[in-house]
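Engineer: One structure follows; several queries about it will come next.
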Amino acid sequence: MKVNQELCVGCGKCLPFCPQGAIHVENRKAFIDQDACVECGICVRQIECPRKAFYEPPEVNEWPRSVRKVFGDPTEKHQSTGVRGRGTEEVKTNDVTGRVKRGEIGFALEFGRPSIGTKVKEVEVVTIPLVEKGVVLEPCNPLTSLLDETGRVRDDVREEKILSAIVEFAVPFERFEEIAALVYDAAKHCKNTVFSWGLVVRYEEDGTIAAVPVLEKLGIHIPKNAKVNVGLGKPFCNE
Ligand code: SF4
Ligand code: SF4
């Protein structure tokens, strides 16, 4: 995004609105740090700029900067998946998609959050070691298409800053301890953004969760808070 310097009067009303802190005012003119901006579009859509000085230059829709917009602007859909935001519904539709089946554990590893963001290349701290171990990353996630066959982020997009991205995959339960330990270790090397991870599990018949004792053995803290997404689909519920 950019500010039309001819229109801006430097009032500073826009400063608190940018979730990345990318807008600055100097010499009574606002400007946008182009490296920090994730092209979320909030400044154009929601800031009541008295001069309507914000505008979207053509390069925002050109590769590779367009990566910022599709991962950051909630009004924009990823072409490959038709999903807005990070381009994946993760496991929120698992009852329909069956991405994570019985006997498997799903991982959703998120890099970046609103107010921090992430360079695309940060995901390599986990994607490279995971691919080395033969883990297949979720193909219906646009982030996967930004990686090469080794899990490395492609050269043309690695320095692009995005709001957040999720690395997704599932492994058989027999490999859970090995891969959870790998992820836990890899997270320690994530220095430039925030890293959070979610697990996709099913309850056993007796109401227990098989992953819990494995996590406890690894010394991984399990927070007690929870969010429940209830889906209506059924096709894969018995698999
Ligand atoms: S709100 Fe508009 S006029 Fe005021 S500083 Fe920001 S861009 Fe300039
Ligand atoms: S597009 Fe988003 S990140 Fe960029 S300046 Fe506007 S509000 Fe900030």
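The values are calculated or read from the model by the stated rules, or taken from the named source; none is laboratory data. Computed from a predicted structure; not experimentally measured. For neighbour counting, all protein chains shown are included, and Cβ atoms are generated from backbone atoms with ideal geometry for every residue, glycine included.
Engineer: If I filter the stretch 82-96 down to residues being surrounded by fewer than 16 Cβ atoms within 10 Å (Cβ to Cβ) and closer than 14 Å to Ile166 by Cβ, which single residue comes out as modelled with the lowest pLDDT?
Structural biologist: Only one residue fits best here, namely Lys92.
Engineer: Let me ask something else about it. Would you confirm whether or not the stretch 54-62 contains a residue that is surrounded by 20 or more Cβ atoms within 10 Å (Cβ to Cβ), more than 8 Å from ligand 1 (Cβ to nearest atom) and assigned to a loop (DSSP other than H, G, I, E, B)?
Structural biologist: No: the stretch 54-62 contains no residue that is surrounded by 20 or more Cβ atoms within 10 Å (Cβ to Cβ), more than 8 Å from ligand 1 (Cβ to nearest atom) and assigned to a loop (DSSP other than H, G, I, E, B).
Engineer: Same structure again: Examine the stretch 30-46 for a residue that is in a loop (DSSP other than H, G, I, E, B) and more than 11 Å from ligand 2 (Cβ to nearest atom), and state whether such a residue exists.
Structural biologist: No, the stretch 30-46 has no match at all.
Engineer: Restricting the first residue to the stretch 10-25 and requiring it to be outside the structural domain of Lys161 (by TED's automatic domain parsing), which pairs with a second residue that is of a type in the set (Lys, Arg) meet a Cβ separation below 7 Å and a spacing of at least six or different chains?
Structural biologist: Gly10/Arg28; Gly10/Lys29
Engineer: Among the residues of the stretch 1-51 satisfying the criterion of being among the acidic types (Asp, Glu) and within 20 Å of Thr75 (Cα to Cα), which is nearest to ligand 1 (Cβ to nearest atom)?
Structural biologist: Glu48
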